[in-house]
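Enquirer: First, the structure itself, so that you have it in front of you.
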Amino acid sequence: GTANLTCRVDQNDNTSLQWSNPAQQTLYFDDKKALRDNRIELVRASWHELSISVSDVSLSDEGQYTCSLFTMPVKTSKAFLTVLGVPEKPQITGFTSPVMEGERMQLTCKTSGSKPAADIRWFKNDKEVKDVKYLKEEDATRKTFTVSSTLDFLADRSDDGAVVSCRVDHESLNSTPQIAMQVLEIHYTPLVKIISSNSWPEEGQSIILTCESKGKPVPEPVLWTKDGGELPDPERMVVNGRVLSISFLNKTDNGTYRCEAKNPIGRNSTEYVLIVHDVLSTLLPTTVIPSLTTATVTTNVALTASTTTSATATSIRDPNALAGQTGPDHALIGGIVAVVVFVTLCSIILLGRYLARHKGTYLTNEAKGAEDAPDADTAIINAEGSQVNAEEKKEYFI
């Protein structure tokens, strides 16, 4: 930088002005240059003002400068020149690429030559990191400082690709801080995730399982297995890179599918449980037709010593029938018809049996009196009479 030194006198009766440095060396006496230093130049010289400039100011130029007015006695005025030490560009050390996940990292940012001591701040992806160590030391000249700061943390996969920056703030930088940056490279085992294309797989459908694996270095092609073994049906279960496609699903496809990915750092896997559901039947809209009253009649007839008749009638009322309306009782009518039919059958059977017995008696009597009777009726009458006579001719033995 450049320092400007100006000495003004309100009232001067042609008296000389002089500038001298901290070592009491005369720089300018009026407009005459006294010290051979190309950095020192005359800006303005008059009876009322003496101004000079010092370019490329260094720390050795710092100190007390004196302006003298040679009167009797000599009058003086002093100005202290403060020189700021500009910090050097910072450097980040301690990073060895690559870093394995879980390892401890110590990054150190260091800058020298600042006066007063510079301030160091750490950032990770533009977010300031507060928990750091700060160290300040004086340089050999005892005029400037060397400042260092250490960032200590455990490497994580989320830090891969992160930009760590060290920023040096100092009043000599005119609000333009010096920054050093370091891009982190973290190696880690694969992170595996399975994404399904069908949340409710049914029989006959297809499903696509995508195995997403992220790691550094990039994982090798993934390995698909089912229930701890190879895929049982390669024709329907097709692997294309990280994608497993299963067509025409059925119940035999149920099971646990595992996707495994590995890289030089390690391996990792995840599982997906496939459950194939039955096909859901679609219920079509139907029209409900009101049903008529239905009667069911059951008749059991047994021709034994005792006759049993059973009639059961079931009546179903139309749910759509209006209240207060009643129709014919078909169950009652059916029961009556069944009883009539049963009685008729019984009558026919009894009549048949009677006629059969009567016909047998007639034929027997006819046979007994047929020899002497001129016709059948006379024969029957003779047979009956002979039967009576026979009863009268019974003998009793004592």
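Enquirer: Identify, please: which residue in region 149-192 is open to solvent by 30 Å² or more (accessible area, probe 1.4 Å) and charged (D, E, K, R) and is, among those, nearest to the chain's Cα centre (by Cα)?
Expert: R157
Enquirer: Follow-up question, since we're still on this one. Tell me, which strands (runs of 3 or more DSSP E) lie completely within region 86-144 with 1 or more residues that are under 17 Å from V183 (Cα atoms)?
Expert: It comes to 91-93, 104-114, 119-124, 127-129.
Yes/no matrix, rows are residues, columns are (1) touching a residue at least 12 places away in the same chain (Cβ under 8 Å); (2) hydroxyl-bearing (S, T, Y):
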site: Q11; (1), (2): no, no
site: T15; (1), (2): yes, yes
site: W19; (1), (2): yes, no
site: N38; (1), (2): no, no
site: E62; (1), (2): yes, no
site: S68; (1), (2): yes, yes
site: F80; (1), (2): yes, no
site: F95; (1), (2): yes, no
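Enquirer: Mind listing whichever residues of region 193-215 are open to solvent by 20 Å² or more (accessible area, probe 1.4 Å), assigned to a strand (DSSP E or B) and not acidic (D, E)?
Expert: Matches in region 193-215: K193, I194, I195, S196, I208, T210, S213, K214.
Enquirer: What residue, of V273, V218, V288, is hydrophobic (A, V, I, L, M, F, W, C), part of a strand (DSSP E or B) and either in contact with a Ser or Thr (Cβ under 7 Å, 6 or more places away or on another chain) or at pLDDT below 95 (or both)?
Expert: On inspection, the qualifying residue turns out to be V273.
Enquirer: List the pairs whose first member sits in region 163-174 and is over 18 Å from V132 (Cβ atoms), whose second member is open to solvent by less than 20 Å² (accessible area, probe 1.4 Å) and not small (G, A, S), and whose Cβ atoms are under 8 Å apart, counting only residues at least 6 apart or on separate chains?
Expert: Here the result reads S172/P87; L173/P87, each pair linking region 163-174 to a residue that is open to solvent by less than 20 Å² (accessible area, probe 1.4 Å) and not small (G, A, S).
Enquirer: On to the next question. Since E128 meets every condition but one in (1) free of Cβ contacts under 8 Å to residues at least 24 places away in the same chain; (2) under 30 Å from G63 (Cα atoms); (3) open to solvent by less than 100 Å² (accessible area, probe 1.4 Å), which condition does it not meet?
Expert: (2)
Enquirer: While we're on this one: If P73 passes every condition in (1) open to solvent by 80 Å² or more (accessible area, probe 1.4 Å); (2) under 24 Å from A3 (Cα atoms); (3) outside any strand (DSSP E or B) but one, which one does it miss?
Expert: Against the list (1) open to solvent by 80 Å² or more (accessible area, probe 1.4 Å); (2) under 24 Å from A3 (Cα atoms); (3) outside any strand (DSSP E or B), P73 comes up short only on (2).
Enquirer: I would also like to ask the following. Would you mention how many residues in region 56-80 are among the aliphatic types (A, V, I, L, M) and either in contact with a Phe, Trp or Tyr (Cβ under 6 Å, 6 or more places away or on another chain) or within 17 Å of Q18 (Cα to Cα) (or both)?
Expert: 4
Enquirer: Right, another one. Of all residues in region 18-50, how many are among the hydroxyl-bearing types (S, T, Y) and either surrounded by fewer than 18 Cβ atoms within 10 Å (Cβ to Cβ) or over 19 Å from T2 (Cα atoms) (or both)?
Expert: Residues in region 18-50 being among the hydroxyl-bearing types (S, T, Y) and either surrounded by fewer than 18 Cβ atoms within 10 Å (Cβ to Cβ) or over 19 Å from T2 (Cα atoms) (or both): 2 in total.
The values are calculated or read from the model by the stated rules, or taken from the named source; none is laboratory data. Since we're looking at a predicted model, the values are computed, not measured. Ideal geometry is used to build each Cβ from the backbone, glycine not excepted, and the neighbour counts take in all protein chains shown. Just the protein is used for accessible areas: all its heavy atoms, side chains included, with ligands, DNA and RNA removed. Shrake-Rupley method; radii C 1.70, N 1.55, O 1.52, S 1.80 Å.
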